[in-house]
Structures are given as C-alpha cells and as structure tokens.
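Report on the following structure.
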Amino acid sequence: MSLTPVKKSWNHQIKEVTIGTGESAVTVGGETTLPFLHDEGDMPNPPRIALDVFDAVPDTWTEDLIEATGDEINDPVEWAQKGVEEWGVELISLNLTQHALEEDPASPEDCAKLAEEIAEATGLPMIVWGAGEEEPDRDVYPVVSQALSGQRCLLGSASEESYKTLTATCIADGHNIIGESPIDINICKQVNILVTDMGMSEDRIVVFPTNGALGYGLEYAYSILERTRLAALGGDRMMAMPIIIRAGTESQRSKEVKAKEDEFPEWGSRADRGIVWEATTATSYLQAGADIVTMNHPEAIRLIRQYIDTFMNTE
Amino acid sequence: MSMTAMEIYALLPQTNCGECGTPTCLAFAMQLANKQATLDSCPDASDEARAALAAAAEPPITLVEIGSGDEQIEIGNETVMFRHEETFHHQCGLCVCIADDAEDAEERIEKAGELWFERIGDMIGAELVAIEDRSGDPDRFAELVSAVVQNDKQSPVLITSDPDLVRSTFEAVEGLAEARPLVHGADAENWSDMADIAAEYDVPLGVSADGLEALAELTPQIKDKGVDQMVLDPGGDDQLQTMEQLTQIRRQALDNNFRPLGYPTIAFARGDDPRKVAVDASTYVSKYAGVVVIEGEEPWQLLPLATLRQNLYTDPRVPPAVEAKLYEVGEPTEDSPVVLTTNFALTYFTVVNEIEASRVPAWVVVVDTEGQSVLTAYSSENLNAEVAAEAIKEVGLEEKVNHRDVIIPGYIAVMSGALEEESGWNVTVGPREATAIPTFMRRLVS
C-alpha cells in the first residue's frame, strides 16, 4: 500500500536573531516548520540552552541544586565559567536582583561591572534580566547596556507598560531585546509592535510569553507557544520572533521540586524529581516551539542537550 | 471527518424530486452536512452514498477501551492536532513496563501499584502495568500477569509476539479476560493468530509493523477478523522518528480520514538512564501517543509525566476553577494573615505558590468568581464588596482568627472602602502582581 504523507508547508519564516558577536555568537530562530518536523521545512538553528547565573545565591533554591552547582554558586563569574567549561553551555543568562533590594541595594555600576566581568571571563553571548521591578530596573538597564555596548546581548525584559527606556537603550547600544507578555498572545504581538515602532529592528526581538513550570499553568504557555508559531508560519510578521522560556527558575518554585522526601515520601527521590521536573518543563516547551530555554541544573542541562541533539539529528 | 455539503451533493441522485421534504438535492445536502437530516429521507440514495456518509459519521480515531471496571481507561477519539483548536479528549494511558526476566519483578509490580498521586483533586498516575516476555518461560510470564491482576491497582498489558504464550496465559490466569488487558501484540508474522485471540477474548490488540505503510496494510486485515479495538505501535529508530510517526498517524486520521491508521497509538521510552527515560516519555505525552510505556517505576519518573498529561489534557475551553473555600497555607494560627483571591485556578495556584515561597503561614479565602481572574471577575461583577464580604463570612474566619484584617489583590484596591463597610473587616491592599507577594508577606509579619 502506498501512503502519501500529510505534509504541511509554510511560506513564512521565523526571524533569525543573533546574540553575541564573533565566533561565540549564537543565532536562534529561522524555522520554516513546526518544532523538529524536518521533513516539512527547515530548522536551521538548534534551540539553545542558556545557563542561569544570579548575582547572589538564590534563597529559594533546593540544597540539591545548590550542591549540584557547586561552591562556584557564591561567585557569579566562577559560576558562569563553570557553565562554559564543565557543562558546555553556549549562552549565559545573568539575573540581576541585588539592585532591587530594600536595604543596601547594588548600584547600577556594580551590576554593569558584574555583567562585564562575566562576559569577559566566559567569552559567551549574554542574556541579562532585570529584577522585574520597574523602578530599580529602569535605573539599571541603561548603565548595564552601555557597559556591554556593541556585544549584541539580549536584554530584558520590556513589557507593554514599560518598554521605552529599555528599547531606546538597546537600540543605542546595539543589543537585542526581550519582549515580555503575560501569557497573552495579543499582548505579545502588541509589545513587538510597540518596540518596532520605536525603531527596533524585527530581527532583534525575542519574545518571552512568561511561562509556568510543569504543573503550574504549563498548558497555557504551551498553547500560547503553539499559537504564536502557527500564526508566524502562517505569515504574521509581528509574531515571527524566536521564543525564550524559563525552565529552571520556574521549576525551582514548584512544590514538587522543593518538597523534602519526608514530607512526600510517595514522590520519591528529591534530587531526581528536581532534575526531571526541570528537564520535562524544557522538553514540553521545546516541542511547542521554544528557541531558548534558560536552565539551572547541570544534569537537567545535560539531558536537554542530548535531547536537542536527538531531535536535531545531530547526535 | 465530516463531509462538506458539496461532497455529499455529488453522492445524491440530483433529481430534485422533493420526496425528502426539501425542494432540491443541494438543499438536502446542506441539511445532511449540518446533521439536520438523515439520508433515510431520500428514496433514491445509493449504497455508495450510504456507506460514504456512514464512514464520515464515524470518529476519525477509534475509541479504544483498555481494562475493566474502575480501572478502565479510554483512549483515542481525538479530533485536533493542537489543544487550543478544541481540546485533547482522552488522556493517554501511562504504563509501567516490567520484564519477566527481572528477579525483582514482583517487587516492581508492588511498587508500580503505588504510583498514584493526588493532584488538584484528581488521582493521577499509571493506569497500566505491562509484563514483557523475555524469559521465554510461560509459567513465569503467567505468574507475573496474575500478580498484576491480583494487585488490582492497574490494568494489565501483555507484551509478547508469541500467540501461544498469550493463549496459555489467558488459560492460566484467572480473571484475565475479564480484566480486558491490552495484548501487544500483532505484527506482520503473527497477526492472524493474534487477531483470533483478541476476537475470542474480546480484548484490545496492539499492532506493530515496520513503517506506517506496513501498519496500514495490517490493520484492515485484523479488522476483517472482527477486531476493531487496535492500538498502533509505529516504533522508530529514535525519539525523533517516533515523534514524527505519531504525528503522521494523527494527521492521516484527522486530515485524510484514513481509516487504516484511525486508531490510538502506543510509544515506548526505554533505556539505562532512568532520567532520560522520563524525559523521552514526556515527548510522547505531548505529541499524540494514546499509551506511553516507560521502562521504570520510580515515582519521580511518573509524577512529572502524569502532571504533564493532566496539564495538556485540561480543556482550554473551560476556565479552570478550584473549589471556593478557606485554604490553609503552611500551618496558620489565629494570628496569621488572611488573604483573599478568586477561584480561577491559575490565580489560586500562583498566589498560593508565592505565599508558600514567603514561608509566612496564611489563611486564603477563595471567592467563587466562576473561575474568573481578579480583574475579569471585578469587571463582570462576579467579585464585588458584597460577594467578598459574604465569602469571608461563610468560611467561618471569625472563629479562626483573633483579628479582623483581610488582604485583597492590588487590582481591586478601589473596593476597599465598600468591603470594609460591608464586612466590618479592615482591608489592606496587597500587591497587584503575585511575584511581589513574598516581599509583601515578609514585611507584613516583620
């Protein structure tokens, strides 16, 4: 019996966004097909893993994760270097939090210095996140952006309410920008329009639809990713940006990751549970269209790298 | 897949005789397409037209039942490729696979029996336990299948390509036929015997073949033997190929209404690395498998898979709601703060998650807003001062705490005054975004 395969073809392409410069630069996006359906179109760039690094040891992480990260967790520069040397990551996702402290906050200059040091020590393209608090972030972005000027970083995130400072800064210093929307496809598009209206090039935007971890509203972001990708491949240019997802930090907020074994003996080993929770959060979003996943646990990173190799046929 | 009016019209006699009560055949075709009429009203309908319409009325993916009684699951009958287009209807079965040459197989069966977890009010876990023939010893195989039946926690799956072994196991294991196991199964060599057994015992049959074309050749022959409860195993050299095949089978069924592949599927995650097994299996949960089999029975493998399934099979058309009542976060005392929010599940979980992160025990009053979020409920009057005051009163907080302070979401700050008046409680306005809750809570108690 001959079976004619049902193949979908799309006439449109996801934008390619390049983060970083020179040899270590990483390009994401560029798909003309749904995730990993290589027979129907191209996926010229594999999805990428970015290692989350924090400017202070996150106080909500499990001991398992802190231990797996190692002593380097106390020094963000060493932490990032370990990511390159031991875990083979290709992007650093620096999370700035100390400038938003009530007491004795870090100055914008401190933040910029740290970002510069990490960029120099690792030689890798940088993603830099603010604390998600409007005022302190607004003061920090321009200083950090200028310090990394010309390095074509990915800075974020810009929301519908506050995008102007960051957009202007990114344009001035030659960076890419993260457009954030609250699990809402219309706002996702709106932010892209607002940011491009200010003169940002379409191939310098990565969208962050905000995502929950597995078990915490994953299905919403999952469907938003699928809808975004279908709209983009169908020709909606303002949806055709690569997508970034946070697998690690979100997983660290889940009860299933945090709960100790004596609290829920029926859930089994916490160390394994934490790793698989983060990795499964990542696979789900990769299958829905994520181009960058930020991750924490070295073992989860190993699993996802292997997974991406299999699904890109590059083993 | 349903037919369009024009496709139906082509099959009608096109005489415009009016006997059906509609003046023209085209108008009748439109009624048929909208399921407002049946072909019985047409005096001249051909057999061909009847067959085509009957086929079109069948679901494109057959509903398959595995197990019996409380343990029965239904898979298949899916209608879309993407959950946002409608919903995924019948969640995939999760199956733990145990080889009969494992010395600790009995222990594993026991352990698999415990793979049930309560999550958001549902019991989720593995519904199926497969015994896989590797020992070549029929007594051992039957003994383990019997242990699964006796354990009575899950439905059995028999994995073997040997029809004699299946037959002898049915004869040896009491209550096996009644338990309606999935027999996996049939292939290009043994399909005829396997189909006879499946028909005789009225059990679902797994079918594997080398490639989708070979699979599509097998299923009609098995169907001719009276077996229509089939589960397709497309195999695949790696996880990517399996995902592609599962996708293609779903598309053939939905886009082409291609009957030979119009059945639910089964996919296997195997290997030496138990973490990788769980990660691989997650792909098949999201990409279209009807049964996901994993080699491993660790709770930390099953809990994420069952949770992912619960997430993805949630109906996106229904606003998910949690029960409106008083919830305790941590171990709140009579001095602990009282927080008010809505019963939209996402709102509830986000708020509770953040309060947990703050490590400040609290009472959470969840108001019935018909599953709407704070702002939506406020705009639609499902959340106003009266409703909130009533909720505070109903949950009996006045006996549980020694204060009269309630924290409301920042987005409804505007109703503070009215709520104070209506309830007699002092209102504190909380943050607008849940992410600010930990800082807010810690500041509140410090």
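Listed values, structure above:
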read-out: Checking residue B:164 against (1) within 28 Å of residue B:214 (Cβ to Cβ); (2) touching an Asp or Glu at 6+ places or on another chain (Cβ under 7 Å), the condition it does not meet; value: (2)
read-out: Lone qualifier among B:298, B:356 - being in contact with an Asp or Glu (Cβ under 8 Å, 6 or more places away or on another chain), within 23 Å of residue A:271 (Cβ to Cβ) and among the acidic types (Asp, Glu); value: B:298
read-out: Hey, residue B:307 of a type in the set (Ser, Thr, Tyr), more than 27 Å from residue B:216 (Cβ to Cβ), within 11 Å of chain A (Cβ to nearest Cβ) and open to solvent by less than 20 Å² (accessible area, probe 1.4 Å) or not; value: yes
read-out: Inter-residue pairs, beta-carbon under 9 Å, first closer than 14 Å to residue B:247 by Cα and in the stretch B:61-82, second acidic (Asp, Glu) and not in a helix (DSSP H, G or I), 6+ apart; value: B:61/B:78; B:79/B:86; B:80/B:86
read-out: Extreme residue, nearest to residue A:233 (Cα to Cα), among residues of the stretch A:6-24 that are within 14 Å of chain B (Cβ to nearest Cβ) and open to solvent by 90 Å² or more (accessible area, probe 1.4 Å); value: A:9
read-out: Residue match in the stretch B:86-105 (condition: part of a strand (DSSP E or B) and open to solvent by 20 Å² or more (accessible area, probe 1.4 Å)); value: no
read-out: Within the stretch B:171-183, considering residues that are within 18 Å of residue B:71 (Cβ to Cβ) and touching a helix residue (DSSP H, G or I) at 6+ places or on another chain (Cβ under 6 Å), the one surrounded by the fewest Cβ atoms within 10 Å (Cβ to Cβ); value: B:175
read-out: Candidate set: the stretch B:333-355, residues that are away from chain A (no Cβ under 12 Å) and without any contact (Cβ under 8 Å) to a residue 40 or more places away in the chain; chosen: the one nearest to the chain's Cα centre (by Cα); value: B:343
read-out: Counted residues, the stretch A:155-202 - those being among the hydrophobic types (A, V, I, L, M, F, W, C) and closer than 21 Å to residue A:222 by Cβ; value: 6
read-out: Selected residue [over 30 Å from residue A:150 (Cα atoms) and open to solvent by 10 Å² or more (accessible area, probe 1.4 Å)] from A:216, A:222; value: A:216
read-out: Where residue A:99 falls short, out of the listed (1) of a type outside the set (Gly, Ala, Ser); (2) within 14 Å of chain B (Cβ to nearest Cβ); (3) assigned to a helix (DSSP H, G or I); value: (2)
read-out: Subset of the stretch B:255-279 [more than 8 Å from every other protein chain (Cβ to nearest Cβ), over 30 Å from residue B:52 (Cβ atoms) and open to solvent by 10 Å² or more (accessible area, probe 1.4 Å)]; value: B:268, B:270, B:271, B:272, B:273
read-out: Qualifying residue in the stretch B:371-391 (condition: within 14 Å of another protein chain (Cβ to nearest Cβ), buried (at least 21 other Cβ atoms within 10 Å of the Cβ) and closer than 28 Å to residue A:61 by Cβ); value: no
read-out: Which numbered condition residue B:324 fails, given (1) in a loop (DSSP other than H, G, I, E, B); (2) more than 30 Å from residue B:397 (Cα to Cα); value: (2)
read-out: The one condition in (1) assigned to a helix (DSSP H, G or I); (2) closer than 19 Å to residue A:172 by Cα that residue A:110 fails to fulfil; value: (2)
read-out: Matching residues, the stretch A:126-166, being surrounded by fewer than 24 Cβ atoms within 10 Å (Cβ to Cβ) and over 25 Å from residue B:439 (Cα atoms); value: A:142, A:143, A:146, A:147, A:148, A:149, A:150, A:151, A:152, A:164, A:165
read-out: Any hit, the stretch B:121-144, residues being more than 25 Å from residue B:263 (Cβ to Cβ) and touching a residue at least 60 places away in the same chain (Cβ under 8 Å); value: yes
read-out: Residues of the stretch B:192-209 that turn out to be open to solvent by 10 Å² or more (accessible area, probe 1.4 Å) and closer than 13 Å to residue B:232 by Cβ, as a count; value: 2
read-out: Tally of residues being closer than 16 Å to residue B:57 by Cβ and in a loop (DSSP other than H, G, I, E, B) across the stretch B:13-44; value: 6
read-out: Matching option when the condition is touching a residue at least 40 places away in the same chain (Cβ under 8 Å), within 10 Å of another protein chain (Cβ to nearest Cβ) and open to solvent by 10 Å² or more (accessible area, probe 1.4 Å), among B:252, B:239; value: B:239
read-out: Meets criteria (more than 25 Å from residue B:104 (Cβ to Cβ), within 11 Å of another protein chain (Cβ to nearest Cβ) and open to solvent by less than 10 Å² (accessible area, probe 1.4 Å)) for residue B:214; value: no
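One line per residue, one yes/no per condition, for (1) touching a helix residue (DSSP H, G or I) at 6+ places or on another chain (Cβ under 6 Å); (2) within 14 Å of chain B (Cβ to nearest Cβ); (3) under 25 Å from residue A:151 (Cβ atoms):
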site: A:4; (1), (2), (3): no, yes, no
site: A:26; (1), (2), (3): no, no, yes
site: A:33; (1), (2), (3): no, yes, no
site: A:59; (1), (2), (3): no, yes, no
site: A:63; (1), (2), (3): no, no, no
site: A:80; (1), (2), (3): yes, no, yes
site: A:104; (1), (2), (3): no, no, no
site: A:108; (1), (2), (3): yes, no, yes
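Residue by residue, here is whether (1) in the same structural domain as residue B:52 (by TED's automatic domain parsing); (2) not aliphatic (A, V, I, L, M); (3) not in a helix (DSSP H, G or I) holds:
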| position | (1), (2), (3) |
| --- | --- |
| B:194 | no, no, no |
| B:197 | no, no, no |
| B:215 | no, no, no |
| B:219 | no, yes, no |
| B:227 | no, no, yes |
| B:241 | no, yes, no |
| B:249 | no, no, no |
| B:252 | no, yes, no |
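The values are calculated or read from the model by the stated rules, or taken from the named source; none is laboratory data. It should be emphasised that the depicted structure is a prediction, and the values quoted were computed from it without experimental measurement. As a convention, Cβ positions derive from the backbone with ideal geometry for all residues, glycine included, and neighbour counts pool all protein chains shown. Each accessible area value is taken on the protein alone, full model and side chains, heavy atoms only, with ligands, DNA and RNA left out. Shrake-Rupley method; radii C 1.70, N 1.55, O 1.52, S 1.80 Å.
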